[in-house]
Structures are given as C-alpha cells and as structure tokens.
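Before any comments, here is the structure.
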Amino acid sequence: MKKSLVLPLLILAAPLIAFPLAAQPADNRNLRSDLTGVYTPAQAERGHQIYLNRCARCHALGNSGGGGGAPGFGGENFTADFEGDTLFAIENRINTSMPRDQPGTTNRVQATDLVAFILSVTHVPPGRTELPADGNFLRLIRFDRPK
C-alpha cells in the first residue's frame, strides 16, 4: 500500500475503532439500580439457605462480623465496600473466592442466589423476575443502598 493512502485510511477508520469504546458506560452511574426490583423473594430464600450452609460460619447478618472476621452480610462495612459497584462484582467475588477455606466452590447460580439474599437483607425491594446467573447481565446493575 502506498504511504500516501495510509493516513487517510487511518483517519477514516478511527471512528469505527473508537465507537465500541465510546458505547461503554463511562462509569456505573449510568447503570440500572438494584432498587428497581431485580430479584424475587423465592430467589432470596434459596440464597438464605446457601448462606446458612456455606457462609454463616464466617459472615454474620447485619453490622456484626462473623466468627471468621468477615464482614456481616448487609452491614455497613459490606455495603460501603460494594456501593456503586455492579452486582457482577459481588457475584464474582463470591464465585471465585468463597468460602475462604474452599475458594471457587460456589457456582454462579449459587453466587447469584446469594446476591439476591444480600439484596434482601440490605432492604433492597424485590421484583417479579429472578436475577439471572449471567455475568453480562449482572454488569449492567449497580449496587445501591436504600436511603
């Protein structure tokens, strides 16, 4: 290719390359809030059962920490750590690193049900549709604390 054609082609291609980057949200403020009803009570109850079997030995409910020194589910430390993050950030942490003594043994469906339980104990209102165990979907929902 002639050198004289390279620059014009780069100029024409630049918007095509930059467009997908510009289509991404600049920050999480543009994402859907979890306060819009993103889980069901039945899903939160499944998450509660998983919590009792896999999480309660380290995580208490509310502001008190658990026996393992982990933050309480729904407590101030927990919500402060994740406020403004996506639900995927919470689900992925659970999926890849919990429980601490058996990291990576909580599958994505269990982790998503646990996210629903966490939302319920932080008083996020439920909705009519279950939260799907889909990382792409969870990346579109921001964790907000009810006021």
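Distance between Cα centroids, region 27-43 to region 71-147: provide it in whole Å. Region 27-43 and region 71-147 have Cα centres separated by 10 Å.
Here S33, S120 are placed in order of increasing Cβ neighbour count within 10 Å, fewest first, which gives S33, S120.
Between F137 and L52, the simple spin-label model (points 7 angstrom out along Cα→Cβ) gives 2.6 nm. Taking θ as phi - 60° and the Karplus parameters 6.51, -1.76 and 1.60, the scalar couplings of region 134-147 work out to 10, x, 5, 5, 5, 5, 9, 10, 8, 7, 10, 8, x, 8 Hz in sequence order, x denoting glycine and proline. Amide H contacts for R32 (H built 1.01 Å from N in the peptide plane; partners 5 or more residues away or on another chain; cut-off under 5 Å): R142. Coupling constants for region 119-125 follow from the phi torsions by the Karplus curve (6.51 cos²θ - 1.76 cosθ + 1.60, θ = phi - 60°), and in residue order they are 4, 5, 6, 9, 6, 6, x Hz; glycine and proline get x.
Electrostatic bookkeeping for R46 treats Lys and Arg as +1 and Asp and Glu as -1; over the other residues with beta carbon under 15 Å from its beta carbon, the sum is -2.
Each Cα pair under 8 Å and six or more residues apart adds its separation to the average, and for region 30-142 the resulting relative contact order is 40 percent. Ordered by the number of other Cβ atoms lying within 10 Å of each residue's own Cβ, fewest first, H59, H123 fall into the sequence H123, H59. Each residue of region 28-44 is assigned a 3J(HN,Hα), and the resulting list reads 6, 5, 8, 7, 5, 7, 5, 6, 9, x, 10, 9, 10, x, 5, 5, 5 Hz, derived from the Karplus form 6.51 cos²θ - 1.76 cosθ + 1.60 (θ = phi - 60°), x at Gly and Pro.
Taken together, the values in this text are just the output of simple stated rules run on the coordinates, not laboratory data. Just so we're clear, the structure is a prediction, and the values are computed from it rather than from any experiment. A quick note on method: Cβ atoms are made from the backbone with ideal geometry, for glycine too, and the neighbour counts reach across all protein chains shown.
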